Amino acid sequence: MRIKEQQAMFGYERMFWDSGIQYVAGIDEAGRGPLAGPVVAAAVIFKPGVFINGINDSKQLSERKRDSLFPQIYEHAVSVGIGIVDHSEIDAINILNATYNSMHRAVEQLAVLPGHLLIDGPRFTGRSIPFTTIVHGDARCFSIAAASIIAKVTRDRLMKELDVLYPQYGFAKHKGYGTKDHINAIKKFGRCPIHRKSFRMP
């Protein structure tokens, strides 16, 4: 993505900055689809004028690129919040509600109270802070794209840690998604404690 295209991704934030709202948080999650592990959300707030070259939808970036951008986001952001909902809560309340909870927890971890939330996706269940949902927001909004990177890297690192506990499943490689190798491991070893029991195994 060219720098001018990246700068254009500030359109949503700028609309609220220009209206007098100082703190606008972009929010995204990682881990809705996997068969195992948590869902992780991130909330990121930038000051007007802050720019980090290379920010884009985390799915469009290599692991190396995401890892290099991760500390830059923390360095340049006003605040970053992380929300984690584990497999047992996902099973108890379903993945959609768990995703909402992870996003709310990410906002609660911010050091400053945002005046508006920019949410990746078509829907959200809000509480006290006004919000705007943006379909494909991780590719259209700078703050959401940054949040997608934070969420993805955070979750990937958690899955690598869980791989040490359950090495037979290959979590460090597939991060809990339903790959062929993962499915074969489940068939061979059965589910482990971090598998989502409410998810139908292929």
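The values are calculated or read from the model by the stated rules, or taken from the named source; none is laboratory data. Here the structure is a predicted model, which means the values were calculated and not measured. A quick note on method: Cβ atoms are made from the backbone with ideal geometry, for glycine too, and the neighbour counts reach across all protein chains shown.
Points worth noting:
- Residue match in region 140-158 (condition: in a helix (DSSP H, G or I), basic (Lys, Arg), at pLDDT 95 or above and touching a Gly at 6+ places or on another chain (Cβ under 6 Å)): yes
- Residue within region 28-38 that is within 17 Å of SER148 (Cβ to Cβ), surrounded by fewer than 17 Cβ atoms within 10 Å (Cβ to Cβ) and touching a residue at least 24 places away in the same chain (Cβ under 8 Å) present: yes
- In this structure, TYR177 does satisfy being modelled with pLDDT of 95 or more, outside any helix (DSSP H, G or I) and out of contact with any Asp or Glu (no Cβ under 7 Å at 6 or more places or on another chain).
- One residue stands out in region 63-87 among those that are small (Gly, Ala, Ser) and surrounded by 15 or more Cβ atoms within 10 Å (Cβ to Cβ): the one that is farthest from PRO38 (Cα to Cα), namely ALA77.
- Among the candidates LYS188, LYS175, LYS197, LYS160, residue that is of a type in the set (D, E, K, R) and in contact with a His (Cβ under 9 Å, 6 or more places away or on another chain): LYS197
Here's the yes/no breakdown for (1) under 14 Å from VAL44 (Cα atoms); (2) under 10 Å from the mean Cα position of the chain (by Cα); (3) surrounded by fewer than 22 Cβ atoms within 10 Å (Cβ to Cβ):
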position: ALA106; (1), (2), (3): yes, yes, no
position: PRO114; (1), (2), (3): yes, no, no
position: PRO130; (1), (2), (3): no, no, yes
position: ASP138; (1), (2), (3): yes, yes, no
position: ALA146; (1), (2), (3): yes, yes, no
position: ALA151; (1), (2), (3): yes, yes, no
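- Within region 175-192, the set of residues being within 23 Å of the chain's Cα centre (by Cα) and touching a residue at least 60 places away in the same chain (Cβ under 8 Å) comprises LYS175, GLY176, TYR177, GLY178, HIS182.
- Being under 20 Å from ARG66 (Cβ atoms) and surrounded by fewer than 19 Cβ atoms within 10 Å (Cβ to Cβ) is a property that ARG123 lacks.
- Of all residues in region 186-200, none satisfies the criterion of being assigned to a helix (DSSP H, G or I) and in contact with a Gly (Cβ under 6 Å, 6 or more places away or on another chain).
- Members of region 166-184 found to be surrounded by fewer than 20 Cβ atoms within 10 Å (Cβ to Cβ) and among the small types (Gly, Ala, Ser), listed by number: GLY170, ALA172, GLY178
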